[in-house]
Amino acid sequence: MSFCLETYLQQSDDYEILLSRAGFKDCAKIIEEKSPEIVYVKAGEKILGVRLIGIPPIPIGVDEEKGTIILTYTKPCYGTAAIELPVDSEELDKIKSVAIEK
């Protein structure tokens, strides 16, 4: 399945914005507080169809029980947000395959 985060956020209501119009550090802190598991990726890594920007390593929160991830999403003129959204196991495997050590 091909997933595009930009399209998903425009067309779905099945996500939760945990923090918006914030800085990257604040969003990373929310991810670390609210996630049972955290994987880290390099800045510029393509996740869910978008390249993540921020201060590396970039945390992605994983909740396999709920089937969700929490990630930072930066949109020009709007700042950075921490967004929790559902993902299927295929996308979760892709995310874990590009994980790095912190």
Unmet criterion (only one of (1) under 17 Å from Asp14 (Cα atoms); (2) more than 10 Å from the chain's Cα centre (by Cα); (3) of a type in the set (Gly, Ala, Ser)) for Ala99: (1)
In this structure, is Gly54 in contact (Cβ under 8 Å) with a residue 24 or more places away in the chain and either surrounded by fewer than 16 Cβ atoms within 10 Å (Cβ to Cβ) or touching a helix residue (DSSP H, G or I) at 6+ places or on another chain (Cβ under 9 Å) (or both)? yes
Is it the case that Glu90 is assigned to a helix (DSSP H, G or I) and acidic (Asp, Glu)? yes
Here the residues within the range 12-41 that are under 11 Å from the mean Cα position of the chain (by Cα) and in a helix (DSSP H, G or I) are Cys27, Ala28, Ile31
Any idea which residue in the range 75-102 is modelled with the highest pLDDT, counting only those that are exposed (fewer than 13 other Cβ atoms within 10 Å of the Cβ) and among the small types (Gly, Ala, Ser)? Ser97
Taking the range 42-87 on its own, how many of its residues are assigned to a strand (DSSP E or B), under 16 Å from Ile100 (Cβ atoms) and over 10 Å from the mean Cα position of the chain (by Cα)? 2
Among the residues listed as Ser2, Ser35, Ser12, the single one being modelled with pLDDT of 95 or more and of a type in the set (Gly, Ala, Ser): Ser35
Please determine, by comparing only the residues of the range 25-51 that are surrounded by 19 or more Cβ atoms within 10 Å (Cβ to Cβ) and not small (Gly, Ala, Ser), which one is farthest from Thr74 (Cα to Cα). Val39
Give me the pairs: first residue in the range 70-87 and under 14 Å from Lys46 (Cβ atoms), second residue charged (D, E, K, R) and part of a strand (DSSP E or B), beta-carbon distance under 9 Å, and six or more apart or on different chains, which are they? Leu71/Glu84
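The values are calculated or read from the model by the stated rules, or taken from the named source; none is laboratory data. Keep in mind it's a predicted model, so treat the numbers as computed, not measured. Note: ideal-geometry Cβ built from the backbone for every residue, glycine included; neighbour counts use all protein chains shown.
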